Amino acid sequence: MTAIEVRGLRKSYGQVEAVRGIDLFVAAGEVFALLGPNGAGKTTTIEVLEGFRRRDAGDVSVLGFDPARQAGPMRERIGIVLQSTGISPYLTVRETVAMFAGYYPHPRDVDEVVRLVGLDEQQDRRIGKLSGGQRRRVDLAVALAGDPELLFLDEPTTGFDPSARRQAWELVRSLAGLGKTVVLTTHYMDEAQALADRVAVISGGRIVAHGTPATLGARDAATSSVHFSLPDGAELPDRFGGRRTSGRYELETSEPTRLLHELTTWALSADIELAALEVIRPSLEDVYLALTGEAEAA
Ligand code: ATP
């Protein structure tokens, strides 16, 4: 089952080519993250999918609808959390959710939505009296009011404190548990790693990599590196190569098991302790920085 299919999407603003031929596929029930630096084209892509922007070229299907021609019926089945929304500060949480639920043909139960976003205790409080994190939960509640099959979350945790972020992550996971498809944009690699089934990295209007967070992280297996220190006076044999920075050795390898075996065999025979020995795999963040750096250089 496909939730979103995009082929050859292009969009320019005058001379600025914001999106230069993007292909995307999101399966129903998947949490999909779009990662990329400022100005990469994430918001433009999402806005085309939501039916807020016209594309210049390409085929787009969202829940089987073309957002350029069928935005009305499509929006009855999607939920959108924008970076800022125009919600009245004078209505209470419950009134706000009830009002938005009224716009949809098959809304979700208002109490259930309020509970789902963890605002039961604040349900009679006016929006203007909520904290920033609580406001963001209201935004999410509004997006859930119509019981959407597909949710778009634009930078859902920007500005959150660490505990609010974790709570928001739990919430996204519970949405996934309800079988919803979630498309989110984020600048936080740990967020993509924690939440997404699949990730696409976008840079300069193009997708420069996609896959599961684990496969993206493993993309550069050759850059796994082994770090350790040697006691004063001990020298690493030349055959290991590598480099030494501030007393620590760094050896790069595509075969960490073999390297560790050779290294520890040498160290044991020489009766040397490899202090603070670590094998470091590139994180999604390293891969992201390498990919977006390569794309910018190109
Ligand atoms: P951010 O992470 O900063 O939100 P983004 O990946 O969402 O960035 P977009 O907002 O899609 O990026 O912008 C892509 C490019 O298009 C940028 O160069 C931006 O300056 C340009 N752009 C976006 N909106 C407009 C607009 N309405 N008019 C002209 N140029 C625009």
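See the values below:
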item	result
Lone qualifier among L35, L82 - being within 16 Å of D139 (Cβ to Cβ) and within 15 Å of the ligand (Cβ to nearest atom)	L82
Condition met for D23 (touching a residue at least 60 places away in the same chain (Cβ under 8 Å), acidic (D, E) and surrounded by fewer than 21 Cβ atoms within 10 Å (Cβ to Cβ))	yes
Spans of helices (runs of 4 or more DSSP H) in segment 131-238 with at least 3 residues in contact (Cβ under 8 Å) with a residue 40 or more places away in the chain and hydrophobic (A, V, I, L, M, F, W, C)	132-144, 162-177, 189-195
Selected residue [in a helix (DSSP H, G or I) and open to solvent by less than 100 Å² (accessible area, probe 1.4 Å)] from L277, L259, L251	L259
Selection from segment 38-52 of residues that are open to solvent by 30 Å² or more (accessible area, probe 1.4 Å) and within 8 Å of the ligand (Cβ to nearest atom)	N38, G39, T43, E47
Any chance V19 is closer than 13 Å to V182 by Cα and either within 16 Å of the ligand (Cβ to nearest atom) or under 16 Å from the mean Cα position of the chain (by Cα) (or both)	no
Residues of segment 69-117 classified as touching a residue at least 40 places away in the same chain (Cβ under 8 Å), open to solvent by 60 Å² or more (accessible area, probe 1.4 Å) and hydroxyl-bearing (S, T, Y), total	1
Any pair with Cβ under 6 angstrom, 6 or more apart, that starts in segment 30-45 at a residue that is part of a loop (DSSP other than H, G, I, E, B) and ends at one that is of a type in the set (D, E, K, R) and more than 8 Å from the ligand (Cβ to nearest atom)	E30/D197
Residue list for segment 46-56, restricted to those being without any contact (Cβ under 8 Å) to a residue 60 or more places away in the chain, among the acidic types (D, E) and either outside any helix (DSSP H, G or I) or in contact with a Phe, Trp or Tyr (Cβ under 7 Å, 6 or more places away or on another chain) (or both)	D56
Residue within segment 2-12 that is within 13 Å of the ligand (Cβ to nearest atom) and under 25 Å from R173 (Cβ atoms) present	no
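The values are calculated or read from the model by the stated rules, or taken from the named source; none is laboratory data. All figures in this text were calculated on a predicted structure; none of them were measured in a lab. A quick note on method: Cβ atoms are made from the backbone with ideal geometry, for glycine too, and the neighbour counts reach across all protein chains shown. With ligands, DNA and RNA removed, areas are computed over all heavy atoms of the protein, side chains included. Shrake-Rupley method; radii C 1.70, N 1.55, O 1.52, S 1.80 Å.
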